[in-house]
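Take a look at the structure set out below.
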Amino acid sequence: MNDFLTTYGLWLVIALLVLIAVVYLLSRKSGSDAPAASAPPIEPVREVAPPPVVVTAVPPAVVDPMPVTPVPEAVIADAVVPSAATAPVTAGEASDNLIQLKGVGPKLVTLLNELGVTRFGQIAAWTDADLAAVDARLGNFKGRPVRDHWVDQAKYLAAGDVAGFEAKYGKL
């Protein structure tokens, strides 16, 4: 008997642990199928507004080296999106696919459309003041037009120069 335990003892302990784990898992599974008689009713989930996003200043080491002239807050508050950016699209004129601009996704396209920007030609015509005015209204995407060079990209796409665009910014 002593030889049997020394030879097969470890295997018996492992088999016993596996058996205990299987019995435990099966007992939990069969217990979860039975409805709880005293469980309180489940309340529907209420939608809760997400907490406000707090934007903090980025340390200078993280910011792109491209200098940007700050615009006074009073100018930004009174700024109106320029007429070139808000020119309405006429019935015969279709809007461009602004997602082709690198750094622009569906959410930014929606924001730009709300601002009246639907064509590459509108973005290509932006001046520095226009950029500041639009940038001030982009919320969480502030800084993207300058950082992603939207005006330069839009000039290529408005002119139909896909090869020049792809040479500088990558494949469409």
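The values are calculated or read from the model by the stated rules, or taken from the named source; none is laboratory data. Predicted, not measured: the structure shown is a model, and the values here were computed from it. FYI the Cβ positions are ideal-geometry reconstructions off the backbone, even for glycines, and counts take in every protein chain you see.
Among the numbered conditions (1) free of Cβ contacts under 8 Å to residues at least 40 places away in the same chain; (2) assigned to a loop (DSSP other than H, G, I, E, B), the only one that PRO145 does not meet is (2). Residues in the range 86-104: is at least one assigned to a helix (DSSP H, G or I) and modelled with pLDDT under 90? There is at least one residue in the range 86-104 that is assigned to a helix (DSSP H, G or I) and modelled with pLDDT under 90. When the range 145-169 is filtered for residues that are surrounded by fewer than 16 Cβ atoms within 10 Å (Cβ to Cβ) and within 21 Å of the chain's Cα centre (by Cα), only ARG147 remains.
The set of residues in the range 134-154 that are touching a Phe, Trp or Tyr at 6+ places or on another chain (Cβ under 8 Å) and of a type in the set (D, E, K, R) contains only ARG144. In the range 2-56, the qualifying residues are those that are modelled with pLDDT under 70 and polar (S, T, N, Q), and the one that is nearest to PHE141 (Cα to Cα) is THR56.
Can you report the number of residues in the range 117-136 which are surrounded by 18 or more Cβ atoms within 10 Å (Cβ to Cβ) and farther than 17 Å from GLN100 by Cα? Here the count works out to 8.
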